[in-house]
1. Which of the residues spanning region 412-447 are surrounded by 16 or more Cβ atoms within 10 Å (Cβ to Cβ), farther than 21 Å from Ala20 by Cβ and without any contact (Cβ under 8 Å) to a residue 60 or more places away in the chain?
2. Can you pull out the residues in region 234-251 that are on the phi < 0 side of the Ramachandran plot and open to solvent by 20 Å² or more (accessible area, probe 1.4 Å)?
3. Which of (1) in contact with an Asp or Glu (Cβ under 9 Å, 6 or more places away or on another chain); (2) modelled with pLDDT under 95 is the odd one out, the single condition Leu262 does not satisfy?
4. If you check Pro215, Pro198, which single one turns out to be over 22 Å from Leu35 (Cα atoms) and surrounded by 22 or more Cβ atoms within 10 Å (Cβ to Cβ)?
5. Kindly evaluate Ser340 against the criterion of being more than 14 Å from Asn89 (Cβ to Cβ), out of contact with any strand residue (DSSP E or B) (no Cβ under 7 Å at 6 or more places or on another chain) and hydroxyl-bearing (Ser, Thr, Tyr).
6. Within region 137-185, which residues are open to solvent by less than 20 Å² (accessible area, probe 1.4 Å), farther than 30 Å from Arg254 by Cα and touching a Gly at 6+ places or on another chain (Cβ under 6 Å)?
7. Just a yes or no: is a residue in region 335-348 modelled with pLDDT of 80 or more, in a loop (DSSP other than H, G, I, E, B), within 25 Å of Ala83 (Cβ to Cβ) and of a type in the set (Ser, Thr, Tyr)?
Amino acid sequence: MSITATPTRSAKALYFALLACKPAEQARNAAASYLDEQLKTAANSPCDLPDDPLQLATWSSQQAAQVGHRYQAYLESRQNGTARRYFHNKAHAQYFLKGVAPTKLVDGAWLYGLLAHWNDARFNTLVRTYLEELGEGLAEQNHVVLYRQLLANHVGEDWQALDDPYFVQGAIQLALAEHAEHYLPEVIGFNLGYEQMPLHLLITTYELAELGIDPRYFSLHITVDNAHNGHARRAVQAVYDAWPHLGDDDTFYRRIRNGYCLNQLGASTLSVIDEFDPRQEVIKLLQEKGALGHLMHVNRCRFAERTVNQWLANPADIPTFLAVLEQRGWIKRHQDPRQSHFWQLIEGERAPMFGVFNAHERQLIHDWIAGDWVSPASSTRPADTRCLPDRPSSSQPPLSGSDVDEEARLLHQQLAGLTDRQAYMNRLIPLLSPRCQDSAAGLLATRLFCQQFNRGSAHA
Ligand SMILES: [Fe+2]
């Protein structure tokens, strides 16, 4: 349903507007218009849900079994020496982590609007799923905190410069968070789609670990989304729990279906993986560096009768500049990058260009130069998805520092004055929102919310 006729914004603008401290009314209206538009597209999308909602549990189990069989076939092929299916190298994996960042950083957001109904048994499973997305207030289990750590270790903040399609899923999730009251079947349908375990989650987890990237964010979803008793099973149960006793069954299920199909819109895991073009990424990187870099070189070297500054001054010249560097032997593709003079200029503390490129950017340049070359030191051992090779260094601080203590003290003080349980939960709910649930105050509020929620009144 349309709440207003406010013109719809771009997904990216809407995403950041809804993540603002307190979204303006205009942003909330735009979110409703945006959802209406996306739902029109979803309604015309192919859908693999069974026609009979009573078949949903069977359908979910069958999907999980199929995924399991395909994953076993993948593992067997890898054990027989087949190359990684998704990530050619670490730079490719980092590109993927960046491309899906806008979605992962609002993980679970579509369920936020149901917190207001924490005491309604119909939504018990969905509220519980949301609280688990938040790690029940424990930073080490909070999905957004875990993803932020992955970004800090492998991507940085570059994801904010991504184009609109990468923000479509995040914008949808945040819009559902704002308007759960008006899009309840769509929220439940979206959840049904999001929580089924896809094959790409299993393969991604395996290959990230193989490349030495901590896969915990992904492996956590394998365990919690299982079809037997995890989020996938609960997502089916949530459809039945919320099924209306009055009203039109067909309309309810059609809206569930449309919400389910929202999952297919915008950039996806597979589209991000497929589109990676390392040469294009290196060109983009040098174009960005060239904005200032064309004023920084001493013009000692000339390539094709032009100085480095002249090459860098015009972004359109960068592809030709790279080709000239290859022709001159400064870049030797498909060989050990250490054989390339260009790499020697940027890698190492004594390198003339030390510090110009950060670790993620050097990884990209390294892997592009290396191309098909395989380091003899690289291992083809099966991935151990339990290994945590790069445990994060930037985890959320516990509420122990003086400034953070002040927030905690204030929250406890405000809660102490509330004798009514609903008022107590109402005070906490804004702190569990997608925009602040991974902050220290948000984590504290989540723990307090869980204590009350787990007391069992929702089961009454
Ligand atoms: Fe999650």
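The values are calculated or read from the model by the stated rules, or taken from the named source; none is laboratory data. Since the model is a prediction, treat every value here as computed from it, not as a measurement. For neighbour counting, all protein chains shown are included, and Cβ atoms are generated from backbone atoms with ideal geometry for every residue, glycine included. Keep in mind that these areas ignore ligands, DNA and RNA; they rest on the heavy atoms of the full protein, side chains included. Shrake-Rupley method; radii C 1.70, N 1.55, O 1.52, S 1.80 Å.
1. Correct list: Tyr424 only.
2. Taking region 234-251 first, the residues on the phi < 0 side of the Ramachandran plot are 234-246, 248-251.
Result: Arg234, Gln237, Tyr240, Asp241, Trp243, Pro244, His245, Leu246, Asp248, Asp249, Asp250, Thr251.
3. (2)
4. Values: Pro198 fails: surrounded by 22 or more Cβ atoms within 10 Å (Cβ to Cβ).
Exactly one residue qualifies, and that residue is Pro215.
5. Details: more than 14 Å from Asn89 (Cβ to Cβ): yes; out of contact with any strand residue (DSSP E or B) (no Cβ under 7 Å at 6 or more places or on another chain): yes; hydroxyl-bearing (Ser, Thr, Tyr): yes.
Criteria met by Ser340.
6. Hit for region 137-185 is Asn142, nothing else.
7. Pass one, region 335-348, residues modelled with pLDDT of 80 or more: 335-347.
So of that shortlist, the ones also in a loop (DSSP other than H, G, I, E, B) come out as 335-336, 340, 347.
So of that shortlist, the ones also within 25 Å of Ala83 (Cβ to Cβ) come out as 335-336, 340.
Next, from what is left, pick out any that are of a type in the set (Ser, Thr, Tyr): 340.
Scanning region 335-348, I find at least one residue that is modelled with pLDDT of 80 or more, in a loop (DSSP other than H, G, I, E, B), within 25 Å of Ala83 (Cβ to Cβ) and of a type in the set (Ser, Thr, Tyr), so the answer is yes.
Per-residue answers, yes or no, for (1) under 14 Å from the mean Cα position of the chain (by Cα); (2) farther than 23 Å from Arg233 by Cβ:
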site: Tyr74; (1), (2): no, yes
site: Pro102; (1), (2): yes, yes
site: Gly108; (1), (2): yes, no
site: Trp159; (1), (2): yes, yes
site: Gly170; (1), (2): yes, yes
